[in-house]
1. Given the criterion open to solvent by less than 100 Å² (accessible area, probe 1.4 Å), in contact with a Lys or Arg (Cβ under 6 Å, 6 or more places away or on another chain) and over 30 Å from Pro83 (Cα atoms), identify the matching residue among Ile204, Ile170.
2. Within the stretch 97-139, track down each residue that is crowded, with 17+ Cβ neighbours inside 10 Å, β-branched (Val, Ile, Thr) and more than 18 Å from Lys67 (Cβ to Cβ).
3. I'm trying to understand the selection: among the residues of the stretch 94-110, which are of a type in the set (Asp, Glu) and farther than 14 Å from Leu45 by Cβ?
4. Looking at the stretch 163-181, is at least one residue at pLDDT 85 or above and either closer than 30 Å to Arg115 by Cβ or in contact with a Ser or Thr (Cβ under 8 Å, 6 or more places away or on another chain) (or both)?
5. Residue under question is Phe124, and the condition is that it be in a loop (DSSP other than H, G, I, E, B) and in contact (Cβ under 8 Å) with a residue 12 or more places away in the chain; does it hold?
6. Being open to solvent by less than 70 Å² (accessible area, probe 1.4 Å) and either more than 26 Å from His62 (Cα to Cα) or in contact with a Gly (Cβ under 7 Å, 6 or more places away or on another chain) (or both): is that true of Pro83 here?
Amino acid sequence: PNPVSMADARKERDRLRKLLKQHIDPVQHIREQVAREANALDSSLQSVAETWFTKQSWSDGHLAEWKRTMQRHVFDQRVERRPLGQWPIGEIKIRHIMEVLQRMEDAGLVESLHRCRQKLSHIFNRAIVLELRTDNPVLPLTKEFKPRRRNVPGLIALPWQLVGQFQHDIDKSNASDLTKLAMQFMLLTVQRHGEMRKARWEEIDWQRSIWTIPAQRMKGNPNAR
């Protein structure tokens with residue numbers, strides 16, 4: 001058992017005496033307090049977020065990535081001396097969310113800020129469905145931070161007439177042999193570097209010369225064939 005100082009013991013004695021004077025059973029009061037704390041833990045922001053995550057039809061990799069992002073930038077962020085993820089979702093105020101998102105803006109993470117804000121809005125909608133609160137404190141924050149960059153040009157495709165020269169430049173470059181082979185492999189299979197890097201030998205049918213990529217590793221559509 002943890003030792004208790006005489007001073008702390010006297011404080012606890014005085015607190016319980018006050019309860020008795022108010023005709024409150026101290027034992028029952030402690031049980032109810034413990035129950036409230038347990039219920040608050042079950043209805044914490046992070047707990048509600050977990051119930052929302054389970055309803056998303058994302059790939060395992062995408063789900064894990066977003067859990068890490070929310071953990072780092074939202075749930076682990078301390079607000080009024082405790083992590084926001086541990087707050088009962090019904091007690092979170094707009095100012096708490098603004099404080100966390102403002103830290104992301106100050107760090108230059110504008111795109112991540114807006115993505116996290118969107119996820120938080122969905123999570124608070126989930127809390128409304130579960131009758132843990134009646135409002136969504138994220139909704140008024142749509143225009144409170146720097147806007148996302150718009151019209152960002154995508155990567156320009158290499159004209160097919162230059163592919164031969166590109167291959168020649170790769171062969172003559174100082175890159176490692178493994179990197180050169182990887183680039184050649186990507187050109188021949190027309191796949192992204194993620195699929196190439198995560199490829200497994202068992203996915204290759206050597207007799208038929210076919211590489212079958214599992215659907216859950218393909219980008220965007222978890223139901224891809």
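The values are calculated or read from the model by the stated rules, or taken from the named source; none is laboratory data. Predicted, not measured: the structure shown is a model, and the values here were computed from it. Note: ideal-geometry Cβ built from the backbone for every residue, glycine included; neighbour counts use all protein chains shown. What goes into the accessible areas is simple: the full protein's heavy atoms, side chains included, and nothing from ligands, DNA or RNA. Shrake-Rupley method; radii C 1.70, N 1.55, O 1.52, S 1.80 Å.
1. Ile170
2. Scanning the stretch 97-139 gives Ile97, Val138.
3. Once the filter is applied, which keeps residues that are of a type in the set (Asp, Glu) and farther than 14 Å from Leu45 by Cβ, the stretch 94-110 yields Glu105, Asp106.
4. Checked against the condition, which is being at pLDDT 85 or above and either closer than 30 Å to Arg115 by Cβ or in contact with a Ser or Thr (Cβ under 8 Å, 6 or more places away or on another chain) (or both), the stretch 163-181 yields at least one hit.
5. no
6. Taking the combined requirement at face value, the residue does not satisfy it.
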